[in-house]
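What follows is a short report on a single structure.
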Amino acid sequence: MDDLQKMRSPRTLEVWKLGTVNYLKSLKVEDKLVSDRKANRIPDTLLSLQHPPSYTLGKRRTDHNLLIPEADLKGLGAELHYTQRGGDITFHGPHQAILYPIISLRSIGIGARNYVETLERSMIEFASVYRVKARAGHKGETGVWVGDRKIGAIGVRISSGITSHGLAFNIDPDLKYFEHIVPCGIADKEVTSLRRETDTMLLHSEEMMMLCGRKILHSFWTTRRRSIKTNSPSGLTRFNPV
Amino acid sequence: MAARFLWASRAASHLRISVAQRGFASVVLKDLKYADSHEWVKIDGNKATFGITDHAQDHLGDVVYVELPDLGRSVSQGESFGAVESVKATSDINSPVSGKVVEVNEVLTESPGLVNTSPYEEGWIIKVELSDAGEVEKLMDSDKYSKFCEEEDAKH
């Protein structure tokens, strides 16, 4: 395709709505998609899902931020996983929107900092739909905050310019799970959720997550034509160009 | 009097040149070679030193962690050999040439920020013994790399 054609063709984001997925299984899916994206076999792809209760660590393996013995996690119905993403320890669970964009940063020409700021902005815009005034973290506190309470977390891996892992936004998870860790390695700061911060009625989780996903798409491709295709177990659905 | 006039006009012409330059901010050094994944290489006989470029460190944000490879490990051109973490993102670092790791910059373990403040000097990452000197031909020189960075930045 020559350059002019490339500029004219709409940027596609394929969205996979996966429902609740075991953490290890999602890692395997991501690895395969990263490899496919690198080889240009697939377009930019966004995974939209939730996890059963799971604690995860990043590349630096900061397990000193897990405050209870690993053996006790089973009793809580939770698993622990080590990953290659950036960031510290965090918790994922039901009613937390997880979005994993598998996209080529090189083809957009942006780097890690810009990408992460876009993820932050998407979550802030999403929160504003519910009249929750969120903000990006201060230096060294990447993520999305409402006052001094953390509502959205980010942990990303970039391999040959292709992203994996992504963001976790607290819609209405059981916040008690966060008591067993120093979330993201930041002590003395609370974790919060959309449920806690707004009186507005919340939509069904699936719809919430699609809205969050659209915000990400909008943030990345505001000046270009773009379309979203979603792939759910019931078949392929095409959204109108946003 | 004449000397001061000369100084003033030279200063003025210098300022005019600075203002006329485009705002492309990152530093590119002439005597290095560059990979399209934004690593630089300095060749010295059959040894090579590498790190990431000023463009790369600027796009990464503040580096808080550098994962270094073990000594003696082999690296291959274009393949990942380590990673840096910044703003909750780990980014793989790819090897611009193939070889065997003979030295790593341990200082980065305590002071990962050197990658940002001194990407071409104190922020060097590893040194390898080259296994194929011919591979250097596949890399970009400073002019090509500068152009490459401009094109990439123009994409968005």
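The values are calculated or read from the model by the stated rules, or taken from the named source; none is laboratory data. What you see is a predicted model; the values in this text were computed from it and never measured. Here the Cβ positions follow ideal geometry from the backbone for every residue, glycine too, while neighbour counts run over all protein chains shown.
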Wholly inside the range B:33-73, strands (runs of 3 or more DSSP E) that include 3 or more residues that are buried (at least 24 other Cβ atoms within 10 Å of the Cβ) and not β-branched (Val, Ile, Thr) are B:47-52
Out of the residues in the range A:126-144 that are of a type in the set (D, E, K, R) and without any contact (Cβ under 8 Å) to a residue 40 or more places away in the chain, state the one that is farthest from the other protein chains (Cβ to nearest Cβ).
A:Lys133
Among (1) at pLDDT below 95; (2) buried (at least 16 other Cβ atoms within 10 Å of the Cβ); (3) more than 13 Å from every other protein chain (Cβ to nearest Cβ); (4) out of contact with any helix residue (DSSP H, G or I) (no Cβ under 6 Å at 6 or more places or on another chain), the one test that A:Leu46 misses
(4)
Please enumerate the residues belonging to the range A:133-152 that are surrounded by fewer than 19 Cβ atoms within 10 Å (Cβ to Cβ) and either over 17 Å from the mean Cα position of the chain (by Cα) or over 26 Å from A:Leu27 (Cα atoms) (or both).
A:Lys133, A:Arg135, A:Ala136, A:His138, A:Lys139, A:Gly140, A:Gly147, A:Asp148, A:Arg149
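To keep it simple, each residue is scored yes or no on (1) in contact with a Lys or Arg (Cβ under 6 Å, 6 or more places away or on another chain); (2) among the acidic types (Asp, Glu); (3) in contact (Cβ under 8 Å) with a residue 60 or more places away in the chain.
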{"residue": "B:Ser37", "(1), (2), (3)": "no, no, no"}
{"residue": "B:Ile43", "(1), (2), (3)": "no, no, yes"}
{"residue": "B:Asp58", "(1), (2), (3)": "no, yes, no"}
{"residue": "B:Val63", "(1), (2), (3)": "no, no, no"}
{"residue": "B:Ser86", "(1), (2), (3)": "no, no, no"}
{"residue": "B:Asp92", "(1), (2), (3)": "no, yes, no"}
{"residue": "B:Pro96", "(1), (2), (3)": "no, no, yes"}
{"residue": "B:Val101", "(1), (2), (3)": "yes, no, no"}
{"residue": "B:Pro119", "(1), (2), (3)": "no, no, yes"}
Of everything in the range A:153-178, what is surrounded by fewer than 24 Cβ atoms within 10 Å (Cβ to Cβ) and either within 8 Å of chain B (Cβ to nearest Cβ) or free of Cβ contacts under 8 Å to residues at least 12 places away in the same chain (or both)? Give them in sequence order.
A:Ser159, A:Ser160, A:Gly161, A:Lys176
Which residues, taken from the range A:108-125, are more than 14 Å from chain B (Cβ to nearest Cβ) and touching a strand residue (DSSP E or B) at 6+ places or on another chain (Cβ under 7 Å)?
A:Ile124
If you go through the range B:89-117 one residue at a time, how many are within 13 Å of another protein chain (Cβ to nearest Cβ), outside any strand (DSSP E or B) and out of contact with any helix residue (DSSP H, G or I) (no Cβ under 6 Å at 6 or more places or on another chain)?
4
Selection status of A:His64, closer than 24 Å to A:Asn170 by Cβ, without any contact (Cβ under 8 Å) to a residue 60 or more places away in the chain and not basic (Lys, Arg):
yes
